Structures are given as C-alpha cells and as structure tokens.
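Undergrad: What follows is a structure written as structure tokens; I'll ask about it next.
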Amino acid sequence: MHSFAQTNLQLLHQLQQEPYTAGDRQLVAHGYDLAVSLFAGRFRPAGKTFIAHLVGTASILLTIGASVEVSVAGLLHAAYSEGDFWDGQWRPITTKRQQRVRHAVGDSVEHYIARYTQLDWGREAIATLSTQVDTLSALDRDVLLIRLANELEEYLDYGILYDGAHLRQDYAAAAPYIAPLATALGYPRLAQECDRIMQLVGKSGHILAEAHTEAVLMVEGQGEPAKLPWQTAKQLSYALRYLITRAFAVY
C-alpha cells in the first residue's frame, strides 16, 4: 500500500538511496538509538509498536524532502510527551531530559521536538492554524510539517480504524485540514498522499465520516461536550505517567 519505512533497516536503506552524507546517516542512527531507549515495549493504541510509527514518520519526512534535522525530529517527535525517561518527573519537558536529547541529536533537533510538544493540536486550534500558515516562522512551519507527517503515518496501515472511538474523532476532526495545510506549506506530494490514503481509509465502513460529524457537533456545541479541554487532559496524562514511574522506580 505504501513504501515508507517501518524499521530501522528500511530507514537506513532509504538513506542509502539518496545523496545523504555519512554525518546525516549517523545523526539518524543516534536518533533511532534514543528512540529505542525511550519507547522500548511501547505501543500505539491500535497495537502497533511505537517505534514503527516513529520510523514511519521520519521516513515520510525524508521522502518529501525535509531536512535530516527535521526528519530526525520526526523520529523523536513524541519523546517528551510519550517517551519513558524513567526520571520520576511528571512534566514532559525538563532540563535533564533536554540535555539527554541534545547530547544524542544536537540542539537543533531538540528545539524542534520541544516545539512540537508545545504545539496545540486541539480541534479549534487546527482550524485557526489553517488560516495562519503564511504568518508562521520557519521553525513553526517545520514543526507543523512534522505533525502532518505524523497524521499521515497514522492512516497508512489503517491504524486509525483501530485506535478507539475517541482518537478516531480527533483524527477525523483534523482530516479535512491535513492536505490543505501540506499544500500551504509547499509540499504538494504530501498533500496528494494524504488525500489518497484518507480516501482509502474513509471507504472502510465510513468510520471517518461518522466520527468527523460527531467531532464537528462537539466543537459547535450541538453534541456531548468534551469532558476535559485538550491541554488539561494532556497534563493529566503526564501526571499519571509520573505516578506510574514513581511506583516502579528503583532507588
């Protein structure tokens, strides 16, 4: 269905097919090593290994011509929000975590990852963002590109259909904006791929169409409102991770 990498070997092979330098390949290897340490035994809601999702995101970025630094940031985009640092901290971004990431992949890549973690991807924020692409800084445009690659990767193997109702609604709410955002950023190939994949997935039981309708009703106040604001729910997830980490920490 697609040719994007899902393993480290496929990703390294992809790098060999393009005019990347030894330094580029080494940076990707360092990023992968860090990803393995942070996401060992971790899975996406549909059951897919987290590392496969991360590799897929990086592969998409390399395929569409993003810089190696942006692609490695894609490989580690969930480091702060979902990675297991096992440091007893509930906050996603801390000085020690940043130091560890910088030591592995450098300041530039770390900056992208931190910015990605802070990106508001709630339903209303996405709609607002779609009207402000031209005003974004170069950094924020690259961060948005990483987010779009992440969205596409979730669709590639129909994973969105098995993520659970809540996540399906979130992805469905964002779906109409993905291709136009990719076009606005200057990546028509990404926009075309997003359109193609989303249409294929959308034909599988019309789940996306139904979920999108529910999501729009919630945003417009015509349906059951969300129990928690997006940022609040995210902060609670960080706090829960902190409690779990403390429960199993070895002192």
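Undergrad: Tell me, what HN-Hα J-couplings in whole Hz come from the Karplus equation 6.51 cos²θ - 1.76 cosθ + 1.60 at θ = phi - 60° for each residue of the stretch 104-115, using x for Gly and Pro?
TA: Karplus-based 3J(HN,Hα) across the stretch 104-115 equals 7, 10, x, 5, 4, 5, 4, 4, 4, 5, 4, 5 Hz.
Undergrad: Say the dipole of the stretch 1-126 comes from +1 at the beta carbon of Lys and Arg and -1 at that of Asp and Glu; which of Tyr20, Val72, Ile126 then lies farthest toward its positive end?
TA: Final value for the positive-end residue is Ile126.
Undergrad: Each residue of the stretch 154-170 in order: what ³J(HN,Hα) in whole Hz does its phi give by Karplus 6.51 cos²θ - 1.76 cosθ + 1.60, θ = phi - 60°, with x for Gly and Pro?
TA: So the Karplus estimates, Gly and Pro as x, are 5, 8, 3, 10, 6, x, 4, 6, 10, 8, x, 4, 5, 5, 4, 5, 4 Hz.
Undergrad: Oh, and also: Length gain on complete extension for the stretch Ala40 to Ser130, per 0.36 nm per residue less the alpha carbon to alpha carbon distance?
TA: Using 0.36 nm per residue and subtracting the Cα-Cα distance, I get 28.9 nm.
Undergrad: Quote the relative contact order of the stretch 27-112 in percent (integer), defining contacts as alpha-carbon pairs under 8 Å separated by 6+ residues.
TA: 33 percent
Undergrad: With each label point set 7 Å from Cα along the Cα-Cβ vector, what nm distance links Arg141 and Thr94?
TA: Between Arg141 and Thr94, the simple spin-label model gives 3.6 nm.
Undergrad: Applying a 10 Å radius around every beta-carbon, put 64-76, 126-138, 156-168 in order of their mean neighbour count, most first.
TA: So the order, starting with the most tightly packed, is 64-76, 156-168, 126-138.
Quick note: the coordinates plus some simple rules give every number you see, no bench work behind them. Computed from a predicted model, the values in this text were never measured in an experiment. Positions of Cβ are generated from backbone atoms using ideal geometry, with glycine treated the same way; all protein chains shown enter the neighbour counts.
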